[in-house]
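Colleague: Take this structure, written in structure tokens, and hold onto it; I'll ask about it next.
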Amino acid sequence: MIRFGPSGNSDKFFEDGLKESVQAPKWLNDMGLTSYEYPLTLGRFLSEKTAKAIGEEAKKYNIEVSVHAPYFINFCNPTKESQESNAKYLLTTLNNLRNLGGNRCIFHSGTQMKMTREEALSNLKNNFLNFLPKFYDAGFDDMWLMPETMGKYSQVGNVDEIIEMASWDKSVVPCFDFGHINCIMQGALKSKQDFLDIFNKSIDKLGFEKTNNCHIHFSKIKYSDKGEVSHLTFEDTDFGPNFEPMIDAIVQLGIKPNIICESRGTQAIDAKKILEYFLSLH
């Protein structure tokens, strides 16, 4: 089934008098939402007790939990110290994910730094493939590693690069952040066909099943000539993209992704808007 939900807890969550993430699954279920992304992006500590409590509530209320790994991960960095840190961050995140009862781990692949793009991509492939045995040895073969399309030109992870990365191993599935993609396209992501082109490129390279199980981040994002600047809400009319053509493309293809809204402060409310539009088509 297609799932819809927010990344983290929105302003309304706290306005409704709630304080702890363990309360999020019921609150989301009451809104008709079915997904929840727990952000570990700043490397915050999540205890086993708290994670399992959230996971139990998520199972009770039919909420699929994903996690976003720390921003500090950079598989393009050639140093041994960086790769040891990458493994630590990802394996810790995956352990948290297991305690949360989920199987989707979203992460950033890396930044170009002062390297050429070719050097950065070569490092990315070598370092990531060297990490995979640690992933499997730790017993996480039931998890999905989901590299995310990025919104700045200095970051490695455009659509082609993420689809290529997802072809390297059975456990790697793409995360398409369409707000980021729109930044890289400088606002050109507009029509249903624009979204179809991206999904069909994934289907052609990775097959239907991986594309069917892809992860999606969606929000309107302000951008400059360098790419992403800041996340916005659906109320913004100056920047895109709009969610309707994305849903139109998803319905046409019959794929069933997990869609996470990352609007700034209104992520749950905006996730419900996407859900309501999807339901209006059926």
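The values are calculated or read from the model by the stated rules, or taken from the named source; none is laboratory data. Quantities reported herein were computed from a predicted structural model and do not represent experimental measurements. Glycine also receives a Cβ, built like all others from the backbone with ideal geometry; neighbour counts cover every protein chain displayed.
Colleague: Quick check on the range 225-262: of everything there that is in contact with an Asp or Glu (Cβ under 7 Å, 6 or more places away or on another chain) and in contact (Cβ under 8 Å) with a residue 60 or more places away in the chain, which residue is surrounded by the fewest Cβ atoms within 10 Å (Cβ to Cβ)?
Modeller: The qualifying residue surrounded by the fewest Cβ atoms within 10 Å (Cβ to Cβ) is Asn258.
Listed here are the residues, each with its yes/no results for (1) at positive phi; (2) within 19 Å of the chain's Cα centre (by Cα).
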residue	(1), (2)
His217	no, yes
Asp225	no, no
Phe239	no, no
Asn242	no, yes
Gly254	yes, no
Ile260	no, yes
Gly265	yes, yes
Lys273	no, yes
Tyr277	no, no
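Colleague: Would you please name the residue that is surrounded by the most Cβ atoms within 10 Å (Cβ to Cβ), looking only at residues in the range 49-80 that are assigned to a helix (DSSP H, G or I) and either on the phi > 0 side of the Ramachandran plot or among the acidic types (Asp, Glu) (or both)?
Modeller: First pass over the range 49-80, keeping only residues assigned to a helix (DSSP H, G or I): 49-60, 80.
Imposing the further condition that a residue be either on the phi > 0 side of the Ramachandran plot or among the acidic types (Asp, Glu) (or both) reduces the set to 56-57.
Details: Glu56: 14, Glu57: 22.
Restricting to residues being assigned to a helix (DSSP H, G or I) and either on the phi > 0 side of the Ramachandran plot or among the acidic types (Asp, Glu) (or both), the top hit is Glu57.
Colleague: Right, another one. If Phe13 passes every condition in (1) in a helix (DSSP H, G or I); (2) free of Cβ contacts under 8 Å to residues at least 60 places away in the same chain but one, which one does it miss?
Modeller: It is condition (2) that Phe13 fails.
Colleague: In the range 16-41, which residue that is assigned to a strand (DSSP E or B) and out of contact with any helix residue (DSSP H, G or I) (no Cβ under 7 Å at 6 or more places or on another chain) is nearest to Thr92 (Cα to Cα)? Spell out the reasoning first.
Modeller: Of the range 16-41, the ones assigned to a strand (DSSP E or B) are 35-39.
Add one more test, that the residue is out of contact with any helix residue (DSSP H, G or I) (no Cβ under 7 Å at 6 or more places or on another chain), and what stays is 35, 37, 39.
Numbers: Ser35: 22, Glu37: 16, Pro39: 13 Å.
For the range 16-41, the residue satisfying everything is Pro39.
Colleague: Moving on. Any idea which residue in the range 28-48 is surrounded by the most Cβ atoms within 10 Å (Cβ to Cβ), counting only those that are farther than 20 Å from Ile216 by Cα and either in contact (Cβ under 8 Å) with a residue 40 or more places away in the chain or under 19 Å from the mean Cα position of the chain (by Cα) (or both)? Break it down into steps so the answer makes sense when it comes.
Modeller: Step one: filter the range 28-48 for residues farther than 20 Å from Ile216 by Cα, giving 30, 42-48.
When the remaining residues are screened for being either in contact (Cβ under 8 Å) with a residue 40 or more places away in the chain or under 19 Å from the mean Cα position of the chain (by Cα) (or both), the result is 42-44, 46, 48.
Working: Leu42: 8, Gly43: 14, Arg44: 10, Leu46: 19, Glu48: 11.
Per the criteria, the residue is Leu46.
Colleague: Follow-up question, since we're still on this one. Which one is farthest from Asn103 (Cα to Cα), of the residues in the range 206-224 that are surrounded by fewer than 23 Cβ atoms within 10 Å (Cβ to Cβ) and among the small types (Gly, Ala, Ser)?
Modeller: Ser224
Colleague: Is there any pair with a first residue in the range 162-173 that is under 15 Å from Glu148 (Cβ atoms) and a second that is in a strand (DSSP E or B) and basic (Lys, Arg) whose Cβ atoms are under 9 Å apart and which are 6 or more apart or on different chains, and what are they?
Modeller: What qualifies is Val173/Arg104.
Colleague: Restrict the check to the range 84-105 and report whether at least one residue is at pLDDT 95 or above, out of contact with any Asp or Glu (no Cβ under 6 Å at 6 or more places or on another chain), among the small types (Gly, Ala, Ser) and not in a loop (DSSP other than H, G, I, E, B).
Modeller: Yes, the range 84-105 contains a residue that is at pLDDT 95 or above, out of contact with any Asp or Glu (no Cβ under 6 Å at 6 or more places or on another chain), among the small types (Gly, Ala, Ser) and not in a loop (DSSP other than H, G, I, E, B).
Colleague: So, one more: Could you check, for the range 168-175, whether at least one of its residues is closer than 23 Å to Cys76 by Cα, buried (at least 22 other Cβ atoms within 10 Å of the Cβ) and touching a strand residue (DSSP E or B) at 6+ places or on another chain (Cβ under 6 Å)? Break it down stepwise before answering.
Modeller: First, pick out the residues of the range 168-175 that are closer than 23 Å to Cys76 by Cα: 168-175.
Cutting the leftovers down to buried (at least 22 other Cβ atoms within 10 Å of the Cβ) gives us 173-175.
Filter once more, keeping what is touching a strand residue (DSSP E or B) at 6+ places or on another chain (Cβ under 6 Å): 173, 175.
Checked against the condition, which is being closer than 23 Å to Cys76 by Cα, buried (at least 22 other Cβ atoms within 10 Å of the Cβ) and touching a strand residue (DSSP E or B) at 6+ places or on another chain (Cβ under 6 Å), the range 168-175 yields at least one hit.
Colleague: Quick test of your reading of the structure: Lys134 fulfils all but one of (1) farther than 18 Å from His68 by Cα; (2) assigned to a strand (DSSP E or B). Name the failing condition by number.
Modeller: It is condition (2) that Lys134 fails.
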